[in-house]
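In what follows, a single structure is set out as structure tokens and then discussed.
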Amino acid sequence: MRPAVPAALRLSARAYAWLLRAYPASFRAEFGGEMALVFSDCCRAAWRCGGPRGVWRLLGRTVLDMLASAPPLWAERLEEAMRGNRVGRGMGLWLADHGLAGAGLALLVLGATAWPLALPLGWTALGLAFFAWVAEADGIALPRPGRAVIRTCGCWETPLAFAVRHGDVVLLFTRDEEPDRGAWSDTYTVRQRPDGADVDPKWELPLVSPSEWSLRGRTPVTTLCFEHHERVSYVTRGSLERSLACFAV
Amino acid sequence: MDSRRDPESLLPLPDAELEILLALVGGEAHGYAMMQAVEQRSGGRTRLGPGTLYAALKRLLAGRLIEESEERRDAERDHARRRYYRLSDFGSRVLEAELDRLTALVRHGRRRLRLSPLGGRS
């Protein structure tokens, strides 16, 4: 049995070196060597504790870990490329917002129309859908690239007031009450927080009426896309950029 | 420059990043030592895989919450690729702010459930 130990460890190390290709090249260049080293350490520990079964379990866990950690890094890479104008800005924002889901859908359509390719394409689409789902899962990679954290007191479908950091400035979005209609306005009033303004430290919302804050513009509620997770709310960066572009913040 | 950054702006911290910062409170450590520290602290319930660990380290390094240590504890025994990381001053402030936030949350939850602060029902 003894000679099997180094062989199993060598094989799993080789398998992991292959799995590392799932990460962007720049990330691999910076951390790939260390990750392989850590995986070898884990392998040795798994072998000591559980023999071959322990190593198999570790490999399974590592594949799941790779599926969870690689997509956000690719999304980050896409955003970097977008910033460097290697991808058109509008297209890049759209891809950051909808890229994975769009690619999955395109593959499903292609698979349905070209039956010999249906099975592999179907599996790839399923993989992409899983990547997209994992990237959204709370606690794994938040804040996800392409999403900006918003600070709001409650998880409303469309929050009544929230603050969002945009570059160096903090912007406050509020919906005003319209007593005539008995409803809240369909537009957000956007104000910029002045330096030194008193705000609730947790939510970044003003402690007194923000009417003194400089008015930057108004934007329809429907232009912003929100996502709510258990602990955090997000506004998609694409929709935020598009709505801010209307009044050039 | 970091002294002017607001630690609150980075909250809430993702679980993996919080675990790493907690693991580094005891001093500098390399990746595998951090994984072991997290597993030990959680009694085996939380296991960071290499991908999650290094993706989180990348974000923490970019945010200057941690920094790479130049020295090797045991240069002769350690593999040349093994890097050590330590908590930065700004990282300590962010960790403190996150722990305050979680403490307030727990206190609020216990009060709502009418539990005593030390556990069990009051």
Output for segment A:141-163, where each listed residue is assigned to a strand (DSSP E or B), surrounded by 22 or more Cβ atoms within 10 Å (Cβ to Cβ) and modelled with pLDDT under 80: A:Arg147, A:Ile150, A:Arg151
Failed condition for A:Arg61, given (1) more than 21 Å from A:Gly127 (Cα to Cα); (2) facing another protein chain (nearest Cβ under 7 Å); (3) surrounded by fewer than 18 Cβ atoms within 10 Å (Cβ to Cβ): (1)
Output for segment A:13-46, where each listed residue is among the aromatic types (Phe, Trp, Tyr) and assigned to a helix (DSSP H, G or I): A:Tyr16, A:Trp18, A:Phe27, A:Phe31, A:Phe39
Some residue of segment B:65-77 being surrounded by fewer than 18 Cβ atoms within 10 Å (Cβ to Cβ) and either facing chain A (nearest Cβ under 9 Å) or at pLDDT 95 or above (or both): no
From the options A:Glu30, A:Glu34, residue that is farther than 20 Å from A:Ala7 by Cα, touching a strand residue (DSSP E or B) at 6+ places or on another chain (Cβ under 9 Å) and among the acidic types (Asp, Glu): A:Glu34
Filtered residue count, segment A:228-245, keeping only those that are surrounded by fewer than 14 Cβ atoms within 10 Å (Cβ to Cβ) and at pLDDT 70 or above: 1
When residues of segment B:41-60 are limited to those that are away from chain A (no Cβ under 11 Å) and closer than 21 Å to B:Gly91 by Cβ, the one modelled with the highest pLDDT: B:Leu60
Answer residue from segment B:2-31, given it is without any contact (Cβ under 8 Å) to a residue 12 or more places away in the chain and within 13 Å of another protein chain (Cβ to nearest Cβ) and is farthest from B:Leu60 (Cα to Cα) among those: B:Arg4
Sole exception among (1) modelled with pLDDT under 95; (2) in contact with a helix residue (DSSP H, G or I) (Cβ under 7 Å, 6 or more places away or on another chain); (3) farther than 23 Å from A:Tyr16 by Cα for B:Ala37, by number: (3)
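The values are calculated or read from the model by the stated rules, or taken from the named source; none is laboratory data. Just so it is clear, the structure is predicted and the values come from calculations on it, not from any experiment. Glycine gets a Cβ as well: all are built from the backbone with ideal geometry, and neighbour counts include every protein chain shown.
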